[in-house]
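Novice: Take this structure first; my questions come after.
Throughout, read-outs are computed from the coordinates displayed, never taken from laboratory work. It should be emphasised that the depicted structure is a prediction, and the values quoted were computed from it without experimental measurement. Note that each Cβ is placed from the backbone with ideal geometry, even for glycine, and that neighbours are counted across all protein chains shown.
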Amino acid sequence: MNEGVYGEQATGRVTHGLLRLSTAMRSHAWEWAHGAQLTPTQGEILVLLMQRKGAMRLGEIARETALTAATTSDAVSTLEDKGLVEKRRAVDDGRALAVRLTARGRTTAKHALQWPHFLTKALDTVPDDELVSFYRILLKTIRQLEVQEQMPAHRMCLSCVHFEASKKPKITSHHCALLRLSMGDADLRLGCSVFEEADLPTQKRSWKIFST
């Protein structure tokens, strides 16, 4: 079989498989949100605020969730009415508003993290080495979508100034200089609260090492 044709078929089948996963995840997200009397978007904002471990401006929330400013503002206002978030003046700019979780909001955010457990149970049946390979593919795919400006940039280890990539992580671990952590491929984070974006040459070098 022609390699180009096979590659096209494989890409199409992977894409179709991801779409089917997306359908299942969307269905479970709405099921959880209905029970919590929220929308999936509102739940996503709560989880984002919890993961960032601090207040965020509306613009930051909109950027990281790929929502419009109007949708973000409406969702945050609803969450505020429910007593799950509160708005305060930003510490670094008294003219700007920042959003943070209330105690009730933190509890709800923890519950929101549980809705994908149906997928976790399925992945638990996959051998560890295959899971690590799958995660590497996901990271590379997300990176390409970021480069193509098809999705917002993530606070990933591989794009962080503190990250030191290893050419052979199975032998010598990756390293986080800030947290002083040794990390395998499976430990790399998609979102880190202490992330600091590296310059483009450093990012390209880290991703090149990771991709070899």
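Novice: Helix 69-81 against the longest principal axis of the chain: what's the angle in degrees, Cα atoms only, rounded to the nearest 10?
Specialist: Roughly 50 degrees, rounded to the nearest 10.
Novice: Additional query: Taking the Cα centre of the chain as origin, sum charge times position over the Cβ atoms of Lys and Arg (+1) and Asp and Glu (-1), and report the length of that vector in debye to the nearest 20. Let's see the in-between values first.
Specialist: Numbers: 29 positive and 24 negative charges, 90 e Å.
Dipole of the chain, to the nearest 20 debye: 440 debye.
Novice: Taking the Cα centre of the chain as the origin and placing charges on Cβ (Lys, Arg +1; Asp, Glu -1), which of Phe118, Thr65, Pro169 is farthest toward the positive end of the dipole?
Specialist: Going by the charge dipole, the pick is Pro169.
Novice: In degrees from 0 to 90, rounded to the nearest 10, what is the angle of the helix 103-112 Cα long axis to the longest principal axis of the chain?
Specialist: With both axes taken from Cα atoms, the answer is about 30 degrees.
Novice: For each pair in Lys110/Lys168; Lys53/Lys140; Lys170/Lys204; Lys110/Lys208, compute the distance between the two Cα atoms and list the pairs where it is over 31 Å.
Specialist: Lys110/Lys168; Lys110/Lys208
Novice: Right, next: Please pull out the direction-averaged projected area of the chain, using the convex hull of its alpha-carbon atoms, in nm² to one decimal place.
Specialist: 14.5
Novice: The range 65-89 to the range 150-164: how many Å between their Cα centroids?
Specialist: That distance is 25 Å.
Novice: Given R₀ = 25 Å, what would the calculated FRET efficiency be for His34 paired with Gln150, taking r from the Cβ atoms and rounding to 0.05?
Specialist: Computed FRET efficiency for His34 and Gln150: 0.30.
Novice: So, in Å, what gap is there between the alpha-carbon centers of the range 171-189 and the range 94-130?
Specialist: Taking the Cα centre of each part, the range 171-189 and the range 94-130 sit 22 Å apart.
Novice: Sorted from largest to smallest, which semi-axis lengths in Å does the alpha carbon gyration tensor of the range 103-212 give for its equivalent ellipsoid, taking the root of 5 times each eigenvalue? Display every interim value, and only then the final one.
Specialist: Working: eigenvalues 119, 71, 47 Å².
Taking √(5λ) for each eigenvalue gives 24, 19, 15 Å, largest first.
Novice: For the range 168-212, rounded, prolate or oblate, judged on the Cα gyration tensor with a ≥ b ≥ c (square roots of eigenvalues), a/c < 1.5 rounded, else prolate if a/b > b/c?
Specialist: It is oblate, given that a/c is not under 1.5 and a/b is not larger than b/c.
Novice: Could I ask something else about it? Spin-label point model (7 Å from Cα, Cβ direction): what's the Arg88 to Val126 distance in nm?
Specialist: The two pseudo-label positions are separated by 4.0 nm.
Novice: Let me ask you something else. Where the only charges are on Cβ atoms (+1 Lys, Arg; -1 Asp, Glu), what is the dipole of the range 38-107 about its Cα centre, to the nearest 20 debye?
Specialist: Working: 12 positive and 9 negative charges, 55 e Å.
So the magnitude is around 260 debye.
Novice: Run a plain Debye calculation on the range 28-113 (Cα atoms as equal point scatterers, no solvent) and give log10 I(q)/I(0) at q = 0.13 Å⁻¹, rounded to two decimals, same order as the q list.
Specialist: -0.36
Novice: Relative to the longest principal axis of the C-alpha atoms of the chain, give the angle of the C-alpha long axis of helix 3-36, reported between 0 and 90° and rounded to the nearest 10°.
Specialist: The two axes meet at around 20 degrees.
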